[in-house]
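Right, one structure below, let's go through it.
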């Protein structure tokens, strides 16, 4: 399924979800309200989902003068890939990670943490930034940004519906009798639905971006080494992320504990990613 089709699917899913919820709670008037709300949210997710993701992690824009090392790498990589220069951001955390977002290559942004800049050498940083630019070149940044917004919307709407039913009911009759069950169903289904959306768009795209980054730099070992370092250091200094946007990052951030954390992981195992790059599971080990 191409990224254009995935994007259309996600926006259609959001529209149908909002219309169904509106009709479920308020009948015909709710259908109309749900449609109008969906139209507004579709507009927002297309044009502003990237800004929402950047704001969520307090990413700060940086200039070439402030971050010449990363700018030099990105300028070199974008010339090789034939894509425009993205906006650059730094996330104020010592946990090493990075992500790309935006609706197309002309409106792309790359964000990296302070931790990743301190942890990686120049070749490793080049590999990571080439990976993120791979997402831009492969045009999956819009799909992943919309998925993040949609996942958050599903969870929020379900919780709003639950509390509305709990305190206000549906106006009597059969709706009121069934309200508690349906609202509880929506409340617990929402996180699962959000994660399933992420799984649908995330796992293969990481492998593709790894391959694009390695091909662009001509140095798969540097990216593999960076991934191994990020994996090890992230365990000591984890990045706490929202479940709805965890799939944006190059490495799986911490999305909270619980029995379902591994089941709904949005990233392939790091060992498998490294093995695809260099033919073994560890850069420095004997695996």
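The values are calculated or read from the model by the stated rules, or taken from the named source; none is laboratory data. For clarity, every value in this text was computed on a predicted model and none was experimentally measured. Here the Cβ is made from the backbone with ideal geometry for all residues, glycine too, and neighbour counts use every protein chain on show.
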* Test residue 72 against the criterion of being at pLDDT 70 or above and in contact with a helix residue (DSSP H, G or I) (Cβ under 8 Å, 6 or more places away or on another chain), and give yes or no. => no
* To do: Please work out which one of (1) modelled with pLDDT under 95; (2) more than 25 Å from residue 56 (Cα to Cα); (3) buried (at least 21 other Cβ atoms within 10 Å of the Cβ) is the condition residue 207 fails and give its number.
  => (3)
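Let's see how each residue does on (1) surrounded by fewer than 24 Cβ atoms within 10 Å (Cβ to Cβ); (2) under 25 Å from residue 267 (Cα atoms); (3) in contact with a strand residue (DSSP E or B) (Cβ under 8 Å, 6 or more places away or on another chain); (4) free of Cβ contacts under 8 Å to residues at least 40 places away in the same chain:
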position: 58; (1), (2), (3), (4): yes, yes, yes, yes
position: 65; (1), (2), (3), (4): yes, no, no, yes
position: 68; (1), (2), (3), (4): yes, no, no, yes
position: 83; (1), (2), (3), (4): yes, no, yes, no
position: 89; (1), (2), (3), (4): yes, yes, yes, yes
position: 94; (1), (2), (3), (4): yes, yes, yes, no
position: 122; (1), (2), (3), (4): yes, yes, no, no
position: 133; (1), (2), (3), (4): no, yes, yes, no
position: 136; (1), (2), (3), (4): no, yes, yes, no
